[in-house]
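Supplied in structure tokens, the structure appears directly below.
Taken together, the values in this text are just the output of simple stated rules run on the coordinates, not laboratory data. Keep in mind it's a predicted model, so treat the numbers as computed, not measured. Note that we place each Cβ from the backbone using ideal geometry, even for glycine, and neighbour counts take in every protein chain shown.
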Amino acid sequence: MKVLKIVLWVIFISLGYLLSADSETKAERHLRRGNEHYSQGEYEQAIDEYQRVIQINPNYALVYYNLGETYRLKGKLDDAIVFFQKGVEIDPNNLLGLFLLGACYKLQGELDDATSTLQQSIRIDPNFIMAHLGLGDIYRRQGKDELAVAKCQLVIDLPPDQTLENFSNAYAHSILADIYRKQGKLDEALAKLRKAIQIEVDPDVAPAWGNYCQGGIYLTQDKLDEALSEFQQVVKVNPKEGYVHYSLVCVYSLKTESKLAIEYLKKTFDLDKSFIEFSKTDPDLENIRQTPEFQQLINSY
């Protein structure tokens, strides 16, 4: 999920009153350059420009979120958390900042910190749909399926979050589908996936979402080769999301192709450590869980 799209939108509408009149022009110039570098994947240059904004106004919380997200995309999650924490320290009631910090804790596998941070944002706004979705995802990783189902259903029942272009609603359906499939409730799983694939999702937020849902449908129908083909398409266009790689792990494990399953499991862990504990109990991984390679990988984290 490309959360910086939301960050940049908030920054542009906020810039006029967050910067003092005498520093606005210079800060805007550095911010614009930073955003341009970011959009082209030139992260070091983007970081340099964002740092220059902070030199002008060190209390500009939203730029810390930009820095945090840029470091996240560079794979430097510890640095990302530092900048997200700084943004929240400056503006503790900023829902976006709390969400970004909670999401980064989740990627680091620090699920208790992620949970408490997202719950903090919900206390500020009980209808903050992104936080409810994040908690549903965390509960799923922890094997707390009843809590995950409750959160996902709440996301579905809340008014659509147009900021995320309906992604929250669609992703909630996909989480429910995964839970139902692994509980053997195949008809319910298929119904959720067919609903998810019908929801129009901005490709900038979730590239190849239709392929991801179709892959889930094939997986539920035990059509593993077809599922593999769909998930491979998703990985090509959305390679930085752990859940995308994990879908390949599940298929390769079910196909008893252990080497490839382990390879993609490592990629998953590198992107999202919240999958580490989940992988220890996920029934899809039964075929690889007792292999020495699986144990070695788990122990390496």
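Give me a comma-separated list of calculated 3J(HN,Hα) values for segment 227-233, in order, Karplus coefficients 6.51, -1.76, 1.60 applied at θ = phi - 60°, integers in Hz, x for any Gly or Pro.
Those phi angles translate into 4, 4, 4, 5, 5, 5, 5 Hz.
Of the options Ile197, Gln221, Phe294, report the single residue whose Cα projects farthest towards the positive end of the charge dipole of the chain (beta-carbon charges: Lys, Arg +1; Asp, Glu -1).
Positive-end residue among those listed: Phe294.
Got a sec? Charge dipole of the chain, +1 on Cβ for Lys and Arg, -1 for Asp and Glu; which of Leu248, Asn169, Pro159 is way out at the positive end?
Sorting the options by dipole projection puts first Leu248.
Okay, moving on. As a check on your grasp of the helix formula, calculate [θ] at 222 nm for the chain: sum -39500 (n - 2.57) over DSSP H runs of n ≥ 4, divide by the residue count, round to the nearest 500. Show your work: numbers first, answer last.
Values: 18 runs with 225 residues, N = 301.
Taken over the chain, the calculation gives -23500 deg cm²/dmol.
So if I place +1 on the C-beta of Lys and Arg and -1 on the C-beta of Asp and Glu, and nothing else carries charge, what would the dipole magnitude of segment 148-266 be about its Cα centre? I want it in debye, nearest 20. Don't skip to the end; give the middle numbers.
Details: 13 positive and 16 negative charges, 82 e Å.
Dipole size: approximately 400 debye.
Another one. Going through segment 128-227, which GluC sites (Glu not before Pro) have at most 16 other Cβ atoms within 10 Å and a DSSP loop state?
Glu200
So what's the angle, to the nearest 10 degrees on a 0 to 90 scale, between helix 111-124 and the longest Cα principal axis of the chain?
Once rounded, one gets 60 degrees.
Further, regarding this structure: Could you tell me the center-to-center distance, by alpha carbons, between segment 172-250 and segment 40-60 in angstrom?
With segment 172-250 and segment 40-60 each reduced to a Cα centre, they are spaced 36 Å.
Continuing with this model, one more query. Cβ under 14 Å from Asn93's Cβ, Asn93 left aside: what net charge do those residues give with Lys, Arg +1 and Asp, Glu -1?
Residues close to Asn93 contribute a combined charge of -2.
For Glu257 and Ser300, FRET efficiency with R0 = 25 Å and r from the beta-carbon atoms, rounded to 0.05? Before the final figure, lay out the partial values.
Numbers: r = 21 Å, r/R0 = 0.83.
E(calc), rounded to 0.05, equals 0.75.
Something else about it: Enter the angle in degrees (range 0 to 90, nearest 10) between the Cα long axis of helix 242-254 and the first principal axis of the Cα atoms of the chain, meaning the one along which they spread out most.
10
Assign unit charges at the C-beta atoms only (+1 for Lys and Arg, -1 for Asp and Glu), then state the dipole size of the chain relative to its Cα centre in Debye, rounded to the nearest 20. Intermediate values should be presented prior to the final figure.
Values: 33 positive and 43 negative charges, 46 e Å.
The dipole magnitude comes to about 220 debye.
Another question, then. What number comes out for the charge environment of Leu228, summing +1 per Lys or Arg and -1 per Asp or Glu over other residues with Cβ under 15 Å away?
On the way: positive: Lys223, Lys236, Lys255, Lys259; negative: Asp222, Asp225, Glu226, Glu230, Glu257, Glu263, Asp284.
With Lys, Arg at +1 and Asp, Glu at -1, the net is -3.
While we're looking at this one, here's another question. State the volume of the convex hull built on the alpha-carbon positions of the chain, expressed per residue in Å³ and rounded to an integer.
Spread over its residues, the Cα hull of the chain gives 120 Å³ apiece.
While we're looking at this one, here's another question. Using Cα atoms only, what is the angle between the long axis of helix 129-141 and the major principal axis of the chain, expressed in degrees (0 to 90) to the nearest 10?
40
Could you work out how much longer the chain between Val82 and Asp270 gets when fully extended? Use 0.36 nm per residue separation minus the Cα distance between them, nm to one decimal. Write out the running numbers ahead of the final one.
Values: separation 188, 0.36 × 188 = 67.68 nm, distance 1.89 nm.
Between Val82 and Asp270, full extension yields 65.8 nm more.
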